[in-house]
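Next up is a structure, given as structure tokens.
The values are calculated or read from the model by the stated rules, or taken from the named source; none is laboratory data. This structure is a prediction, so every number in the text was calculated from the model and none was measured. Cβ placement follows ideal geometry from the backbone for every residue including glycine, while neighbour counts extend to all protein chains displayed.
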Amino acid sequence: MCISDWPKDVSTLAPYKDGYTDILEERRHTSDFTFMTRSREDVPQYKYRVLRSPEEIRQHVLTSDRVKYTVERVSFHFSHHGVAKCVVLCMVIVYGLVHCIG
């Protein structure tokens, strides 16, 4: 597929959006100021969203296979510290990020 085959207008991708509501569709046809000054009450929610407490988020992230694998790779290739030190640094980062959510 070459670049000339790609659709030029993103609104033509509507059938491929996987059930998402395009909340920017109106903005494409009006001015930015009009779009900016209005408020939206029916903000769509992500359909696979799971409500979790900050502690549940921390546990889920820190025990995920992807994070464990990444910590092992980083500690092996880029860090002079061991895996335990990288896990502690990862926990500090996750606690800081989750603090912003909760």
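Yes or no: segment 65-78 includes at least one residue that is of a type in the set (Phe, Trp, Tyr) and within 30 Å of Glu25 (Cβ to Cβ).
No.
If you don't mind, another one. Looking at segment 28-48, is at least one residue charged (D, E, K, R), modelled with pLDDT of 75 or more, surrounded by 10 or more Cβ atoms within 10 Å (Cβ to Cβ) and part of a helix (DSSP H, G or I)?
Scanning segment 28-48 turns up at least one residue that is charged (D, E, K, R), modelled with pLDDT of 75 or more, surrounded by 10 or more Cβ atoms within 10 Å (Cβ to Cβ) and part of a helix (DSSP H, G or I).
Yes or no: Ser53 among the polar types (S, T, N, Q) and within 19 Å of Val98 (Cβ to Cβ)?
yes
Now for a separate question. How do the pairs read when you match residues in segment 66-82 that are without any contact (Cβ under 8 Å) to a residue 40 or more places away in the chain and over 14 Å from Val94 (Cβ atoms) with residues anywhere that are surrounded by 11 or more Cβ atoms within 10 Å (Cβ to Cβ) and of a type in the set (Lys, Arg), using Cβ under 8 Å and keeping only pairs 6 or more apart or on different chains?
These pairs meet every condition: Ser75/Lys85; Ser79/Lys85.
Ok, one more. Please pick out the residue among Arg73, Arg52 that is modelled with pLDDT of 75 or more, on the phi < 0 side of the Ramachandran plot, in a loop (DSSP other than H, G, I, E, B) and surrounded by 11 or more Cβ atoms within 10 Å (Cβ to Cβ).
Sole residue among the options that is modelled with pLDDT of 75 or more, on the phi < 0 side of the Ramachandran plot, in a loop (DSSP other than H, G, I, E, B) and surrounded by 11 or more Cβ atoms within 10 Å (Cβ to Cβ): Arg52.
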